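One structure below.
The values are calculated or read from the model by the stated rules, or taken from the named source; none is laboratory data. Everything numeric in this text was worked out from a predicted model, so none of it was measured. FYI the Cβ positions are ideal-geometry reconstructions off the backbone, even for glycines, and counts take in every protein chain you see.
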Amino acid sequence: MAVAEATGTGHGGPAPALTESGSEPRSGDEALLSAADGVSSRPGTTPRTDAPGPAPSGPRRRPRALPAAVAAVVIAAAVTAAVPHFGGGSDAVAEPPGVGGPAPGPVRIRAVDSGLCLAEQGGQNGQLYQQPCSPDSVPRFPLKRLGTDWRLETFHTTFGWGCTGVQEKSTEAGAPVEDQECGKRGPAEAFRVEPAGKPVRGYRLRPVHSGLCAGVDAADSEKKGADIRQLACTDDGTGQLFSFDPRTGRS
């Protein structure tokens, strides 16, 4: 079937611009991060002027067609390389997602043991939980350097900009880790991020003021909805290791 060209006539005006995938552009994280130039609805929050934006993607290149003989060799090599080398077994198990280290900008904070992500649970108190990863989760986390430490900034669609920290600056094990307005908890809003294992299995989040580790109890390490608290650090890090997965667009 022939498809009419978008010439701007015949349907009341010019056709909307399309992305490479053929869909209309969507604002995604760009719209959320641009809200940093406004004033947060959280009391006492300082307006943001330096919110990070998503990394631009480079242009795609159309691959050249290969001669049939060359293509056959390439395909055969690819099939050979794709065969898993696990001692001859045919039931290969998919590898878990890789572990990402901290970097300034928008991230998804994923618990390594459960594969769940840090998010609120629809309440008003800012408590963080490990929840199924979703593009619509709140808050969203941009990371910001604080010298050798890190601030886990947050953007909430209702309350605006805030910071992750330990409730009431508590130094006690079991204190909740929550999303609240910035500036009221001092060093309880700063985290040391430490790699664990060789090779690295994940990263510990350690509130600077207490030296404890953010996470969930080992017994709840794979439990959906387990609340995030500061706990005594453990040698094996069960329930206390995280990955910082870069997020762009609607990811």
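Only one entry of Thr158, Thr248, Thr238 meets the criterion of being among the polar types (S, T, N, Q), surrounded by fewer than 15 Cβ atoms within 10 Å (Cβ to Cβ) and touching a residue at least 12 places away in the same chain (Cβ under 8 Å), and that entry is Thr158. The residue of segment 157-176 that is farthest from Pro106 (Cα to Cα), among those that are among the β-branched types (Val, Ile, Thr) and in contact with a Lys or Arg (Cβ under 9 Å, 6 or more places away or on another chain), is Val166. From the list Arg151, Arg201, Arg145, Arg140, the lone residue that is of a type outside the set (A, V, I, L, M, F, W, C), in contact with a Cys (Cβ under 7 Å, 6 or more places away or on another chain) and either touching a residue at least 12 places away in the same chain (Cβ under 8 Å) or surrounded by 15 or more Cβ atoms within 10 Å (Cβ to Cβ) (or both) is Arg151.
The set of residues in segment 162-183 being surrounded by 15 or more Cβ atoms within 10 Å (Cβ to Cβ) and over 19 Å from Val138 (Cβ atoms) consists of Val166, Lys169, Ser170, Ala175. Condition check: out of contact with any strand residue (DSSP E or B) (no Cβ under 9 Å at 6 or more places or on another chain) and either more than 14 Å from Leu241 (Cβ to Cβ) or in contact (Cβ under 8 Å) with a residue 60 or more places away in the chain (or both). Does Pro195 satisfy that? Here the answer is no, as Pro195 does not meet what is asked.
Applying the criterion of at least 1 residues that are touching a Gly at 6+ places or on another chain (Cβ under 6 Å) and within 26 Å of Gly186 (Cβ to Cβ) to the strands (runs of 3 or more DSSP E) found wholly in segment 201-251 leaves 213-215, 229-231, 242-246. Evaluated against (1) loosely packed, with under 15 Cβ neighbours inside 10 Å; (2) modelled with pLDDT of 95 or more; (3) in contact with a helix residue (DSSP H, G or I) (Cβ under 7 Å, 6 or more places away or on another chain); (4) not β-branched (Val, Ile, Thr), Pro207 falls short on exactly one condition, (1). Filtered by the rule that a residue be under 22 Å from Pro142 (Cα atoms) and basic (Lys, Arg), segment 202-226 gives Arg204, Arg206.
Note on segment 184-198: residues that are surrounded by fewer than 22 Cβ atoms within 10 Å (Cβ to Cβ) and not in a loop (DSSP other than H, G, I, E, B) amount to 7. When restricted to residues that are farther than 16 Å from Gly211 by Cα and either assigned to a loop (DSSP other than H, G, I, E, B) or within 12 Å of the chain's Cα centre (by Cα) (or both), segment 123-151 contains 18.
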